[in-house]
1. Rank the residues GLU366, GLU69, GLU519 as a footprinting-exposure proxy: fewest other Cβ atoms within 10 Å of their Cβ go first.
2. Once the piece of chain linking ARG53 and SER384 is laid out straight, how much longer is it, given 0.36 nm per residue of separation minus the C-alpha distance between them?
3. Whole Å is fine, so just give me how far the alpha carbon centre of the stretch 443-463 lies from that of the stretch 69-148.
4. Share of Cα-Cα pairs in the stretch 362-452 beyond 21 Å, in percent?
5. In whole Å, how far is the Cα centre of the stretch 268-328 from that of the stretch 245-262?
6. In the stretch 91-170, which GluC sites (Glu not before Pro) are in a loop and have at most 13 other Cβ atoms within 10 Å, using DSSP for the loop call?
7. Based on the Cβ-Cβ distance of GLN398 and GLU505, what FRET efficiency does E = 1/(1 + (r/R0)^6) give at R0 = 25 Å, to the nearest 0.05?
8. Is the stretch 87-134 best put as rounded, prolate or oblate by its Cα gyration tensor, with a ≥ b ≥ c the root eigenvalues, rounded for a/c under 1.5, and otherwise prolate when a/b is larger than b/c, oblate when not?
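No lab work stands behind these numbers, since they all come straight from the coordinates. Here the structure is a predicted model, which is why all the values come from computation and not from measurement. FYI the Cβ positions are ideal-geometry reconstructions off the backbone, even for glycines, and counts take in every protein chain you see.
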Amino acid sequence: MGENIGNPVLGRREFLTKAVEMVGLVALATGVAPAVASAAPQQHFALNGAFTRSTVAEIARALAKKPYEAPDSSMPKVLNDLSYDQYRDIRFKPEASVWADKGLPYQMQLFHRGFYFKDPVEIAIVENGTATHLAYDPAMFSYGPLVPQPIPTEDIGFSGFRLHAPINRPEYFDEVVVFQGASYFRSLGKGQIYGLSARGLALKTADPEGEEFPIFRAFWVETPVAGTDTCVIYALLDSPSVSGAYRFSVRPGYPTLIDVEAQLFPRVDLTKVGLAPGTSMFFFSANGRADVDDFRPEVHDSDGLLMVTGHGGRLWRPLANPKELQISAFQDRSPRGFGLVQRDRAFANYQDLEAGYERRPSLWIEPVGDWGAGAVTLVEIPTSSEVHDNIVAYWAPQDKIPANSEFSFAYRMGWGGDPSLAAGSAYVSATRSGRANNGGSSAARLFVIDYLFFDGVDKARLGTAKPTVQSSKGTIGNVVVIENGETGGLRLSFELDPQSESLIEINAVLAFDNGPTAETWVYRWTA
């Protein structure tokens, strides 16, 4: 059922990526070095006792009325100084899995503290309205020869947990969801391997003063019911600015669905908050290979931001690895959905036998209820390596969430492929760009956009496709639409002459004589 540090497919590169992004950034943001001690942290939250649906909200509400206290991340020195190889040599024993002998649809394994994962996480098992604290026990783990001794025996807590359930084969319990590091978690659909991650909440992302990383301090996991495919998880979130109560309902499949209900209790006015954030990696693609010397055609966990607006309009924004950090905000009201999507599923376009980028999940967010006015926000951070998650997408409410208030929201997450929510006649299947060889400006760029038709669309009845390409600056020329005989779709090409500009917003629309328009292509070109 895998190793202690995650999916068996994940190698050193993928694990270090997630470890650094999930936990290392928190240390960088706070600038606080962990203390080293041998005393076990006190258990404060996931205690034995009665448990109801409102228990975590009551804890979060009371917590928000007090000044923030960071978790005690001190550990025995033997664990505090673990290297990557030493930490990897600690493995959870599958036979020690929670519910392993119960014949239930889920099993749970725990993560040891150590390496980058220093914050203690409290866990309780909930059954018949009663929570039972799950204490750390070194007997749950096997310790290889690289692990220094002595291993502590006191209840030092865990660094997270993962759920296993039959998703690919009915007789085998695969990893379905992992919670480890700050408020990060990740999931995947049938036949996939881990890629992008989600977070409980984003605060001050890309803020010059530094980002704030809330932490899931404790979890309460309901014992699953035999004959069902659902597991319910409650989580307590905390940070200097806000506390929160979360409820996750997990159902594995393609896609794996996670329904999220959240209540926030701000200590301060939340003016730079991101709801339902996703975090991914984009290194390069056929649309951005400048200065790339790599045998692989493309390297990314996600290749685009997809958005369906409150009015049903569908936008596709190819991701970029910019020279400088850039933020794009797509204003809307009550969006129907948004997410970071891995649309290219062809191995030939990656050629990476280890990473398997064509099998990485997309993450689709469907808001529940009226989310009001705001913006789907995309943050793209420059990177020179695939080891760094450099893409963040979230919903930014237009209005602040006031201090001492209570703010509730809900959404559904789909971990799988391109969402089935169709709008329009055709969607963007690929974006490519390069130098325009037209004898004109040496700075002119050629863009080539391929479209495929949605299933069930009668191409013959749509009529002629009429393109409209607009740019905020520079000039657009040589706009052409032709049939793509190789794919059965359409190909739109145009040239952009940026002249002396360094940043240009572009959008392209395909309208048809007798049908709805295609997915709108939007892009930010930078010099």
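1. Lowest to highest Cβ neighbour count: GLU69, GLU366, GLU519.
2. The span from ARG53 to SER384 would gain 114.6 nm if fully extended.
3. Centre-to-centre (Cα) distance: 50 Å.
4. Of all Cα-Cα distances in the stretch 362-452, 62 percent exceed 21 Å.
5. Result: 23 Å between the Cα centres.
6. Answer in residue order: GLU154.
7. Taking R0 as 25 Å, the efficiency between GLN398 and GLU505 is 0.75.
8. It is oblate, given that a/c is not under 1.5 and a/b is not larger than b/c.
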